[in-house]
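Chemist: This structure is in structure tokens; I'll ask about it shortly.
The values are calculated or read from the model by the stated rules, or taken from the named source; none is laboratory data. Everything quoted here is computed from the prediction, not taken from an experiment. All Cβ positions, glycine included, derive from the backbone under ideal geometry; neighbour counts span all protein chains shown.
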Amino acid sequence: MTVRPLPAAERVAVPWKNGGGVTREIAAWPEGADMSDFVWRVSLADVGADGPFSAFAEVDRILTMVEGEGMDLTVGAEHRRVDTRWVPQGFPGDLPTDCRLLGGPVVNLNVMWRRGGEAAPAVKVVRSRVPLAVPAGPAVLVVALDGTAEVAGLTLGRYDAALLTGEDAELRATGRTAVVDLVPRG
């Protein structure tokens, strides 16, 4: 098994593509990919004000609110209220998306991937002991969202992450923890 720790303290805040917020990249594939050529990308995004989300051509998203009171989103012509933490919500990343905050800033776990690959990533939020099936290739990303999590000999604090490759593992999450199943592509 390969375990790559991804400490929250090492992430740098980068302005959104449209300048409307900041993002802190957790991991992307291929390694070193930028916003124009990633196959998949996982980040934490700070939304501090009402306004549009950045659009990404041929990209889909799964957004999970982890801090704050929520947002009213308009994705294309569809209204979507995001006011419950820990519930992953998928939507096309290339449709115009406008955000109105419900009660101040929010933080979202954001998973993005290019359409047309083998399969879409899956996101679940757990708070328990969970077996993880970890195939070869960039396969499973674990992100502690509140409390702590233990996986593959690592203890993860809030927003710390680990990228697991090649062998099954067990996750012990005392707080809510995101498990992102990624498909090796590219």
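Chemist: Looking at the stretch 40-89, which of the residues that are of a type in the set (Gly, Ala, Ser), closer than 17 Å to residue 113 by Cβ and more than 15 Å from the chain's Cα centre (by Cα) is surrounded by the fewest Cβ atoms within 10 Å (Cβ to Cβ)?
Modeler: Let us first name the residues in the stretch 40-89 that are of a type in the set (Gly, Ala, Ser), namely 43, 45, 48-49, 51, 54-55, 57, 68, 70, 76-77.
Of the ones still in play, those that are also closer than 17 Å to residue 113 by Cβ are 43, 45, 54-55, 57.
With more than 15 Å from the chain's Cα centre (by Cα) added as a condition, the list becomes 54-55, 57.
On the way: 54: 17, 55: 14, 57: 9.
If we take residues in the stretch 40-89 being of a type in the set (Gly, Ala, Ser), closer than 17 Å to residue 113 by Cβ and more than 15 Å from the chain's Cα centre (by Cα), then 57 is surrounded by the fewest Cβ atoms within 10 Å (Cβ to Cβ).
Chemist: Turning to a different aspect of this structure: Please find, within the stretch 9-34, the residue that is surrounded by the fewest Cβ atoms within 10 Å (Cβ to Cβ) out of those that are touching a Gly at 6+ places or on another chain (Cβ under 7 Å) and of a type in the set (Gly, Ala, Ser). First the steps, then the outcome.
Modeler: First, the residues of the stretch 9-34 that are touching a Gly at 6+ places or on another chain (Cβ under 7 Å): 20-21, 29-30.
Those still in the list that are of a type in the set (Gly, Ala, Ser) too: 20-21.
Details: 20: 17, 21: 21.
In this case the residue turns out to be 20.
Chemist: Something else about it: Restricted to the stretch 130-169, and to residues that are polar (S, T, N, Q) and surrounded by 15 or more Cβ atoms within 10 Å (Cβ to Cβ), which residue is modelled with the highest pLDDT?
Modeler: Pass one, the stretch 130-169, residues polar (S, T, N, Q): 148, 155, 165.
Now restrict to residues that are surrounded by 15 or more Cβ atoms within 10 Å (Cβ to Cβ): 148, 165.
Numbers: 148: 96, 165: 89.
Among those that are polar (S, T, N, Q) and surrounded by 15 or more Cβ atoms within 10 Å (Cβ to Cβ), it is 148.
Chemist: For the subset of the stretch 170-182 comprising residues that are among the charged types (D, E, K, R) and surrounded by fewer than 17 Cβ atoms within 10 Å (Cβ to Cβ), which member is nearest to residue 30 (Cα to Cα)? Walk me through it before giving the result.
Modeler: Of all residues in the stretch 170-182, those among the charged types (D, E, K, R) come to 170, 172, 176, 181.
Now drop any that are not surrounded by fewer than 17 Cβ atoms within 10 Å (Cβ to Cβ), which leaves 170, 172.
Values: 170: 26, 172: 28 Å.
Within the stretch 170-182, the match that is nearest to residue 30 (Cα to Cα) is 170.
Chemist: List the number of the failed condition for residue 37; all other conditions in (1) among the charged types (D, E, K, R); (2) surrounded by fewer than 17 Cβ atoms within 10 Å (Cβ to Cβ); (3) in contact (Cβ under 8 Å) with a residue 40 or more places away in the chain hold.
Modeler: Against the list (1) among the charged types (D, E, K, R); (2) surrounded by fewer than 17 Cβ atoms within 10 Å (Cβ to Cβ); (3) in contact (Cβ under 8 Å) with a residue 40 or more places away in the chain, residue 37 comes up short only on (3).
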